[in-house]
Amino acid sequence: MADKISLEKSDRWAVCLRHQFLQGSWNYERMQNGGWCFSMIPAIKKLYPNKDDQIAALKRHLEFYNTHPYVSAPVIGVTLALEEDRANGAPVDDAAIQGVKVGMMGPLAGVGDPVFWFTVRPILGALGASLALTGSIVGPLLFFFAWNIIRVAFLWYTQEFGYKVGSDIAKDLSGGLLGRVTQGASILGMFIIGALVERWVSISFKPIVSTVTQSDGAFIDWTKITGDAAGIKTALTQYASLGANGLNAEKVTTLQQNLDQLIPGLAAVGLTLLCCKLLKKGVSPITIILALFAVGIIGRVIGLL
Amino acid sequence: MNPISIILVVIVALLAGMEGVVDEFQFHQPIVACTLIGIVTGHPTEGIILGGSLQMIALGWANIGAAVAPDAALASVASAIIMVLALNGGSADSSTVITTSIAVAVPLSVAGLFLTMVCRTLAIPIVHAMDAAAEKDNMGAIDALQIAAILMQGVRIAIPAAILCFVPAEIVTNALNAMPAWLSGGMAVGGGMVAAVGYAMVINMMATNEVWPFFILGFVLAAISSLTLIALGLIGISLAILYLGLKEAATQGGGNGGGSGDALGDILNDYE
């Protein structure tokens, strides 16, 4: 084999660029098969000059395929290595190639979903959104660029990794590293979700639990405050030491304030766990969302929320 | 809306629709789509705020396997257009308009879900056509079909967006102004709660007995308002590395003397 056909870096980059559109023709029959074949075309053109070989390769890559669109990159890297061997005469049959694809797509989807959809995107999304809520353009920019830099770097480097190690990677799948990455993502994800529930699920119970008339000195006696600058200073000085309760003679405690003394966000976490239960029972998320709006309206009308 | 804005809105909608299925560049995420629509219609600040609010709700929405999540693309694009129409019509104050747009987004995400399922079914004949093209070694046709399939998903959002653009602004404004306070107030209350659904979806994906304590830690630490989200993220990463390192050391049984230190080093090396 004097003239070995090999895939240059530019060929692999062309595959990587097309691979971004893996899910474009996602269908209920063979899922990502169209996008997969579309991604392989630059490699097929390069490796198989012969028309019949090309037809066979195209058909081979239109088989069923479905995984997480990003962790598919190492799979396509391995497949490129296998196709290259095959084009150079190695005995790699259709079953071997399909076997590697199917063997890798399941375990890798199990890594991609928790890592990207449930850890990286919620964290970047929440980070961007919390900035965006103040009207700052930095929020959307941060989300968009951070995400896409991470994504493209991941797509390219894991595809190269798959291409270099070839079929060896398939053996490592059941090994420790992937498991640890998945579990690490779950830990980080759960931690951040816990924080987000506290920060961003807002429930405030309005009912007034108690109204206590405070003793003299515990509130600002507005009758003694003069209307000039000195009066304002006196009032502010007293406010600084008395706090918000010092504004009125009567101390009003809402149900929410009582709950916050137990632990802030208790109602939010309760609601979240209730949603978990309902989702597990097969209630559609949309139903729950609509029900929450209904609860909000009813709660507002009766003065509870 | 002026014609240039409409054209730009339709382009943003096309990108959002394509991304709704491709899921790479994230043009369909509310924080991106609403911001872009806000910018092209001259209401950037309101668009960013709406995007941020919707993003909080949609954090847990993800397509898993063959299951399709509520559609962020149509929800973000259509609610942003409605918001812009209301603002153009000289509606009361922007915070009410944003709150109402959030509430409108939810039913839209269901409509979008239905549309994307239709498109994913229509993609079946497209891949059959690819089979036929493969038979004839026609790679150009496969490329064209893949691009057509992606555009079909874009058009799924672009058409409703274009139609919405032609609704007179006064109608939207009047509808918003006719809304009684208990309804808009109640929707705001509901909007504060719906984020819980997205988080619950994430929790159900990841929760095992082993990781629940980390949820509790995150929840409790978040009450310290001086900890920013980045700080919390760093705490979470540290906890994950510590836990995995200690667990590894424990399963190795501590046979050799410096076992735990080495195991942690190994983990760190693996993360490089």
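The values are calculated or read from the model by the stated rules, or taken from the named source; none is laboratory data. For clarity, every value in this text was computed on a predicted model and none was experimentally measured. Don't worry about glycine lacking a Cβ; one is built from the backbone with ideal geometry, like all the others, and counts go over all protein chains shown. Side chains are part of the model used for accessible areas, which takes the heavy atoms of the whole protein and leaves out ligands, DNA and RNA. Shrake-Rupley method; radii C 1.70, N 1.55, O 1.52, S 1.80 Å.
Sequence gap at least 6, Cα distance under 8 Å: using those rules, report the relative contact order of chain A to the nearest whole percent. The partial results should precede the final answer.
Values: 324 pairs, mean separation 45.1, N = 305.
Once divided by the residue count of chain A, the mean separation gives 15 percent.
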Handout entry: In order through the range B:53-62: 3J(HN,Hα) via Karplus (6.51 cos²θ - 1.76 cosθ + 1.60), integer Hz, x for Gly, Pro
Key = 5, 5, 4, 4, 6, 8, 3, x, 7, 8
Fill in the blank from the handout: The extension gain from A:PHE145 to A:GLN261, computed as 0.36 nm times the residue separation minus the Cα-Cα distance, is 37.7 nm
Practice task
Calculate how steeply helix B:94-135 sits against the longest principal axis of the alpha-carbon atoms of chain B, using the helix alpha-carbon long axis, and give the answer as 0 to 90 degrees to the nearest 10.
Solution key: 80
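Can you tell me the FRET efficiency between A:ASN248 and A:LEU178 if r is taken as the Cβ-Cβ distance and R0 is 60 Å, rounded to the nearest 0.05?
Working: r = 60 Å, r/R0 = 1.00.
After rounding to 0.05, the efficiency reads 0.50.
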Exercise for the section: Take the Cβ-Cβ distance between A:SER204 and A:GLU29 as r, set R0 to 51 Å, and report the resulting FRET efficiency rounded to the nearest 0.05. Expected result: 0.55
Practice task
Determine how large the accessible area of B:ILE7 is when every protein chain is in place; take a 1.4 Å probe and give Å² rounded to the nearest 10.
Solution key: 100
Practice task
At a Cα cut-off below 27 Å, give the lysines reachable from A:LYS277, other chains included and same-chain residues fewer than 8 away excluded.
Solution key: A:LYS206
Exercise for the section: Would you mind computing, in nm to one decimal, how far apart the modelled labels at A:ASN50 and A:ILE5 are, each placed 7 Å from Cα along Cα→Cβ? Expected result: 0.9
Exercise for the section: Label the protein assembly as shown by shape, choosing from rounded, prolate and oblate, from the square roots a ≥ b ≥ c of the eigenvalues of the Cα gyration tensor; if a/c is under 1.5 it is rounded, and otherwise prolate applies when a/b is larger than b/c, oblate when it is not. Expected result: oblate
Exercise for the section: For the range B:121-203, run through the chymotrypsin sites (Phe, Trp or Tyr not before Pro) and keep only the ones in DSSP coil with at most 15 other Cβ atoms within 10 Å of their Cβ. Expected result: B:PHE166
Problem - Neighbour count of at most 13 Cβ within 10 Å plus DSSP loop: longest trypsin sites (Lys or Arg not before Pro)-free window in chain A - result: A:5-280
Practice task
Show the residues, 5+ positions off or on another chain, whose built amide H is closer than 5 Å to the amide H of A:LEU305.
Solution key: A:LYS206, A:ARG300
Practice task
Pop out the ³J(HN,Hα) list for the range B:5-13 in order, Karplus 6.51 cos²θ - 1.76 cosθ + 1.60 with θ = phi - 60°, rounded to Hz; leave Gly and Pro as x.
Solution key: 4, 4, 4, 5, 4, 5, 5, 4, 4
Problem - Other-chain or far-sequence residues with amide H under 5 Å of B:ILE64's (modelled H) - result: B:ALA69
Practice task
Averaging sequence separations of C-alpha pairs under 8 Å and six or more residues apart, then dividing by the length of chain B, give the relative contact order as a whole percent.
Solution key: 21
Problem - Signed unit charges on C-beta, dipole axis of the range B:3-180, positive-most listed residue B:ALA149, B:MET139, B:VAL172 - result: B:VAL172
Handout entry: J(HN,Hα) series, the range B:139-155, from Karplus relation 6.51 cos²θ - 1.76 cosθ + 1.60, nearest Hz, glycine and proline x
Key = 6, x, 5, 4, 4, 4, 5, 4, 5, 4, 5, 5, 5, 4, 5, x, 4
Problem - Cα centre as origin, Lys/Arg/Asp/Glu Cβ charges: chain B dipole, Debye - result: 740
Problem - In nm, spacing of pseudo-spin labels at B:VAL220 and A:THR211 (7 Å Cα→C-beta vector) - result: 3.8
Handout entry: Distant-in-sequence amide H partners of A:LYS251 (H built 1.01 Å from N, under 5 Å)
Key = A:VAL212, A:THR213, A:GLN214
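How long is the gain from B:ASN2 to B:ALA132 if the chain were fully straight, where each residue apart is worth 0.36 nm and the alpha carbon distance is subtracted? The partial results should precede the final answer.
On the way: separation 130, 0.36 × 130 = 46.80 nm, distance 4.46 nm.
Taking B:ASN2 through B:ALA132 to full extension adds about 42.3 nm, to one decimal.
Which whole-number percent gives the relative contact order of the range A:208-302, counting Cα pairs below 8 Å spaced six or more residues apart?
Values: 56 pairs, mean separation 28.1, N = 95.
Result for the range A:208-302 is 30 percent.
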Fill in the blank from the handout: The simple spin-label model distance between B:ALA111 and B:ALA141, using points 7 Å out along Cα→Cβ, in nm, is 3.7
Practice task
Could you sort out which of A:LYS164/B:LYS136; A:LYS59/A:LYS281; A:LYS4/A:LYS51 sit more than 30 Å apart by Cα distance in this structure?
Solution key: A:LYS164/B:LYS136; A:LYS59/A:LYS281
Problem - DSSP loop chymotrypsin sites (Phe, Trp or Tyr not before Pro) with at most 14 other Cβ within 10 Å excluded, longest remaining stretch of chain A - result: A:65-305
